[in-house]
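Colleague: Take this structure, written in C-alpha cells, and hold onto it; I'll ask about it next.
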Amino acid sequence: MKEAFRLLASGDPETWGIVWRSLRFSFFSTLFALLPGIPVGVALGVREWRGRRTLVALLNAFMALPTVVIGLLVYSLISRSGPLGFLDLMYSPGGVVFGQAFLAFPVVASLTQAGLSKLDPRFRETLVTLGAGPWRRLFSTLFETRAVLVAAIVAAFGRVTGEVGVSMMLGGNIRFSTRTMTTAIALDAAKGEFERAVSLGVVLLAVAIAVNVSLHALAPREAA
C-alpha cells in the first residue's frame with residue numbers, strides 16, 4: 001500500500017497515463033451513447049405504442065448482460081470479417097470507445113425511459129392546453145426530468161469506467177494505447193506487480209464512490 005500511494009504521489013507517468021486514458025475513453029463513450037440513448041429513451045417513455053414493451057424489455061436485458069458478452073457482440077461487428085471491419089477499429093482506442101458506447105447505450109435509454117414514464121401525464125396535458133408546440137413540449141419535458149437525465153449520464157459513465165471485458169477484448173490491453181485502469185489491474189495482479197494494481201484500484205474506487213455519491217445526491221431532487 002505504501003508503494004502504491006508513492007506511485008500516485010510521485011506522479012508516475014505510466015500510472016497517471018492509464019488513469020487519464022480510462023477517463024477519456026469513458027467520457028467519449030458516454031457522450032456517444034447519449035446521442036442515440038436519450039432520443040430512444042424519450043420515444044419509449046413519452047407515450048404508449050405498439051412494440052414499446054418489447055423494446056423496453058430488450059433494453060433491460062442488455063443492461064444485465066455481462067460485459068464480455070457485449071464485447072463478443074461488438075467484436076463480431078468490428079473485426080476484419082465483420083460488417084464494420086472497414087473502419088479498422090480493432091485493438092485501437094476507437095474500438096474501445098465504440099464498445100463502451102454500445103455498453104452504455106442501454107443504460108442511458110432505459111433510465112431515461114423509466115424517468116419519463118413516471119412523469120405525471122397531466123404535465124403534458126397542461127402544455128398542450130397552453131398551446132405549446134411539439135418541440136416546446138419536448139424541451140419542457142426534458143427540463144422537468146433533468147435530474148433523471150443527469151443520473152442516466154452518471155450511471156452510464158460509472159458503468160463503462162468499471163468494466164473490463166469490452167476493453168480487454170476490443171482494445172487488446174496495449175501499453176500506452178488501449179490499456180485502461182481495469183485491464184491494467186488485471187494484468188499487473190497476474191504478473192505480481194501489486195503496487196501499480198493497488199494504486200489504480202484506489203483511483204478506480206475513488207471514481208466509483210464519486211459516481212455513487214452523485215447518484216444519491218440526485219435522487220432526492222427527482223423524488224421531489
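Colleague: What ranking of VAL213, VAL160, VAL96 emerges when the number of other C-beta atoms within 10 Å of each C-beta is taken as an exposure proxy, fewest first?
Modeller: Least to most surrounded, the residues fall as VAL213, VAL160, VAL96.
Colleague: What is the packing order of peptides 62-71, 170-179, 132-141, taking the mean over residues of other C-beta atoms within 10 Å and listing the highest first?
Modeller: Answer by packing, highest mean first, reads 170-179, 62-71, 132-141.
Colleague: Let me ask you something else. Take each complete run of DSSP H in the chain, measure how far its Cα atoms stretch along the helix's own axis, and keep only those covering 18 Å or more with mean Kyte-Doolittle hydropathy at least 1.6; list them.
Modeller: 146-161
Colleague: Hey, another quick one. Could you tell me the center-to-center distance, by alpha carbons, between the stretch 163-192 and the stretch 76-130 in angstrom?
Modeller: 24
Colleague: Could I ask something else about it? Given R₀ = 35 Å, what would the calculated FRET efficiency be for VAL213 paired with SER76, taking r from the Cβ atoms and rounding to 0.05?
Modeller: Given R0 = 35 Å and the Cβ-Cβ separation, E is 0.40.
Colleague: If each of LEU84 and VAL150 carries a label point 7 Å out from its Cα toward its Cβ, how far apart are those two points in nm?
Modeller: Once both label points are built, they end up 3.1 nm from each other.
Colleague: With runs of 4+ DSSP H residues as the only contributors, calculate the mean residue ellipticity of the chain at 222 nm using -39,500 (n - 2.57) per run, divided by the residue total and rounded to the nearest 500.
Modeller: Result for the chain, helices only: -26000 deg cm²/dmol.
Colleague: If one computes P(r) from the Cα atoms of the stretch 114-224, what percent of pairs lie at distances over 18 Å?
Modeller: Of the Cα pairs, 63 percent sit more than 18 Å apart.
Colleague: Would you mind getting me the FRET efficiency between LYS2 and ARG24? Use the beta-carbon distance for r and R0 = 30 Å, nearest 0.05.
Modeller: That pair, LYS2 with ARG24, gives E of 0.55.
Colleague: Something else: Based on other C-beta atoms within 10 Å, arrange TRP49, TRP16 from fewest to most.
Modeller: Listed from fewest to most nearby Cβ atoms, that is TRP49, TRP16.
Colleague: What list of whole percents do you get for P(r) of the chain, with Cα-Cα distances grouped in 10 Å bins up to the one holding the largest distance?
Modeller: 8, 28, 30, 20, 10, 3, 0
Colleague: Find me the longest stretch of the chain that has none of the exposed GluC sites (Glu not before Pro), where exposed means in a DSSP loop (not H, G, I, E or B) with at most 16 other Cβ atoms within 10 Å.
Modeller: Longest stretch, sites excluded: 49-192.
Every number here is computed from the coordinates shown, using simple stated rules; none is lab data. The structure displayed is predicted, hence computed values, not measured ones. For neighbour counting, all protein chains shown are included, and Cβ atoms are generated from backbone atoms with ideal geometry for every residue, glycine included.
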